[in-house]
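Scroll down for the structure; my scribbles are underneath it.
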Amino acid sequence: MPNQPRSAPIRHSLGAAAPWLVPGITATIGLIALLWSLPQGLDLTDEGYYLTEIAHPGDTTATALLFGWTWHSMYGVTGGSVVGLRLVAITVVTALSVALCLAVLRLQASEAPPARAAVACLAAVTAALAFVPLSVIPTTPSYNTLAWVSLAMAALGCALAWSHWRPVLGGALVGLAGFVAVTAKPTTALLLGLSVLATTPWRRMGRRPVVAAIVALVVPSVLLVLFVPGHLHGLVDIVSRGVDATVGHADLVRWDVYPRHWQVLLPLASAGLGGAAAGLLSQRRHPAAATVLGGVSVAAALVSLFVWWRRGTIADVDLMMPYGAVAGFGVLGLVAIGATRARARPGRTDVVVVRLAVLLASLPAAYAFGTNNNLWLWIGQVVVFWFLAIVLLVGTTGPVAAAAGALAAYVALVAAVITPLDPYRSGPLIDTEVTQVSLSGVTLRLPPDEARAVTELLAVGERLGVTRDTRVLDLTGLSPGVVWAWGAQPLASGWVLGGYVESLGAARTAIAPARCELPRALVLWEPGQRRAITDDVLAPWGVRVPDDYRAVATFPRISVPATLAEPNATVTTVTVLEPVSVSVPGCPQL
């Protein structure tokens, strides 16, 4: 059979694994730190939106992102536990990253099979590098997490199917990845589908993996249609309105500015050079020196973190590191391609290796496609796929492989340290206290100021008698998590976001199907705030905000910046409005 994976025994040479030892141990420590952070922190903006969609995905009236349906079953299995949901997501990502790493090692182009110690260390580094996005986005799983899962699943499936090792399982994984990608981000699904179709060696593929892929794509799609309210017609309506209500994505295809942050690039380069030197010494049978130089990446990361902390810039690094990762792994990828071409022998090129490397190289672009953030920032979060492409081309020994391991260890370690120091839209998670964060009794550990704000928020919901039947319309643009914390229902979509040119029209599109519920819906109001929906949003139905309402409560909202462009943390007041003289034409009187 062509392209069968090698069955050569894995070498036991500790010397060959020397450059990977310190990065592997450091990566393991980073994963332990990630587990420690699971019960810490909660952002009621983005993360609150995720939880609202996941807890009750059928509530939304307009969305192009169906991730809530995919995560909902896991949320139910964990009993509505946020920590449990985070643990499930981390387990899935870890399992996929390790499995993909092992599949790459079975196919890697180097003729020397890797040492067992190197395999273990490389698997740990891969898993730690997979969690770099958590330094930029919340820990609770979302459509971004699901998009990453779809990419890893597709790559793993292609590796299994193309190598004829597990063709049916591989095909099924590719099909399931397609479904997962569609429910995560349709734009990611489009680019992922094109990448798989373009790189698949169709002449070597049999029918079995193709049939398995089709079945694995169709079956969950049918189940989704059966579960969505209104079935196929309802799903089409929700998605079409969701596309109309999407804001901030006017230019899907664009060339964003690539900022050069030298305070990240310089230590990253030193880590890569130290790794390359370790790889050379390992080849020349100097394992002790290789092990020491293999730790240069860790030393560079620790020195960098100390310098950033002293300068007071450590909170900015999470948004700089992905750009540095793009540069580091991009340059190293080109070197790996050159090294592979230089040693290739005529007629001995492995088609599967080349095609899988091309697929892995294309996946970060699929992940980023469709974001309204800087595309380079989003690509840099998932350089784990570029890392695996480099390993696939050059193996686990030599200067290029060791440099890739050093870069991966540096990026993963910095991300693991930065995540609790500067979590997304939250204060540092070093000093926290156990806090009830929902009326259903969910608890997490929050910084003291945020804990007091959430406690006051819940007290307001309890005093107003909010229940599952209560409808809430959030016009603040930054408080979608209040609906989840109160256990209520969003009047429209899980998040009505202001601040964009299309925001007013998008909000009206989402509200229109539920307009008859306006006479009994509470409104969260924070005028003048840059993400707020303007007060004339309900004008098409003859409703005036705030004239037709009365204020019944207020609660504080702590605003922690998510990007360098946002102002410092502030505390503002959200007003809860209750309808007094709201009547919508054409709707039955309540």
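The table that follows gives values for the structure above.
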read-out: Cβ-defined net charge surrounding Ala416, 13 Å radius [Lys, Arg +1; Asp, Glu -1]; value: -2
read-out: Computed accessible area, Asp59, all protein chains, 1.4 angstrom probe, square angstrom; value: 30
read-out: Paired Rg and Dmax values of segment 433-579, which use every Cα atom, in angstrom; value: 15.0, 46
read-out: Segment 419-566: antiparallel DSSP beta bridges as a percent of all, rounded to 5; value: 40
read-out: 11 Å beta-carbon shell around Leu44, net charge (K/R +1, D/E -1); value: -3
read-out: Percent of beta bridges antiparallel (DSSP, the chain, rounded to nearest 5); value: 70
read-out: Helix-only CD estimate at 222 nm, as mean residue ellipticity for the chain, using -39500 (n - 2.57) per DSSP H run (n ≥ 4); value: -18500 deg cm²/dmol
read-out: Accessible area of Ile558 in the full protein assembly, 1.4 Å probe (Å², nearest 10); value: 50
read-out: Charge-dipole axis of the chain as Lys and Arg at +1 and Asp and Glu at -1 on Cβ define it, positive-most pick from Ala406, His233, Gly477; value: Ala406
read-out: log10 of Debye I(q)/I(0), alpha-carbon scatterers only, for segment 488-551 at 0.12, 0.27 Å⁻¹; value: -0.27, -1.55
read-out: Probe 1.4 Å - accessible area at Trp262, Å² to nearest ten; value: 150
read-out: Nearest 10 degrees, 0 to 90: helix 186-199 Cα axis against the chain principal axis; value: 20
read-out: The chain: angle of helix 262-283 to the longest principal axis, Cα-based, in degrees nearest 10; value: 30
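The values are calculated or read from the model by the stated rules, or taken from the named source; none is laboratory data. All values derive from a computational prediction rather than experimental measurement. Neighbour counts run over all protein chains shown; Cβ positions are idealised from the backbone, glycine included. The protein model used for the area step is the full one, side chains on, heavy atoms only, and it has no ligands, DNA or RNA in it. Shrake-Rupley method; radii C 1.70, N 1.55, O 1.52, S 1.80 Å.
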